[in-house]
Amino acid sequence: MMAAVDTEALIDVWRRLLTDPRKSWVLFEHGTCVVLTASEGDLAEQATEILRKFGPAHAGSSAGDFSVIDVRDVEGWVVTGHHHDVLTYVGPDEPHDRSEIAAGLSGRSKRHRDGTELRAVHVEDKRASADLA
């Protein structure tokens, strides 16, 4: 059984990691974040469509591949997949084994859940601040 997700803590993590004032992003329930470089219309809807296509993991295909980034600004890892704007955060207490492979598998599993359940929990809309820059 997975532990309850602390949405506010995840929002804080992604705010510290994604500092570009021109990029909006949408956070999904299990820690997957979709960064939107061309923010138009309904951001949650745009991110949901990206995650619907690039979130589910399929073993033996590029959808099952992942890379692990050991981040500096927060404890834990960011796991990437086959779309460079779909990122999943894995906290330091999540994998029992603190190896990169365990973190990657945990992140891929979380991305898969987010990509099939598709529940956006937060939208960080940076369009107004980008217009001021």
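The numbers here are math on the coordinates, done by the rules we state, and not lab data. Every value quoted in this text rests on a predicted model; they were computed, and no experiment measured them. All Cβ positions, even for glycine, are placed from backbone atoms using ideal geometry, and neighbour counts span all protein chains on display.
Label sites at residue 49 and residue 8, each approximated as a point 7 angstrom past Cα along Cα to Cβ, lie 3.4 nm apart. So which lysines pass the test for residue 110, namely a Cα distance under 18 Å, with those fewer than 8 places away in the same chain ruled out? Candidates past the 8-residue exclusion: 53. Charging the Cβ of each Asp and Glu at -1 and of each Lys and Arg at +1, and nothing else, the dipole of the chain about its Cα centre rounds to 240 debye.
Length gain on complete extension for the stretch residue 69 to residue 84, per 0.36 nm per residue less the alpha carbon to alpha carbon distance? Don't skip to the answer; put the middle values down first.
Working: separation 15, 0.36 × 15 = 5.40 nm, distance 1.25 nm.
4.2 nm is the gain from fully extending residue 69 to residue 84.
Listed peptides 8-21, 84-97, 104-117 appear in the order 104-117, 84-97, 8-21 once ranked by packing, highest mean of other Cβ atoms within 10 Å at the front. 3J(HN,Hα) along segment 105-121, derived from phi through the Karplus expression 6.51 cos²θ - 1.76 cosθ + 1.60 where θ = phi - 60°, amounts to 5, 5, x, 5, 5, 5, 4, 4, 4, 5, x, 9, 7, 6, 10, 6, 10 Hz, with x in place of Gly and Pro.
Over the C-alpha trace of segment 7-132, radius of gyration and Dmax come out as 13.8, 45 angstrom.
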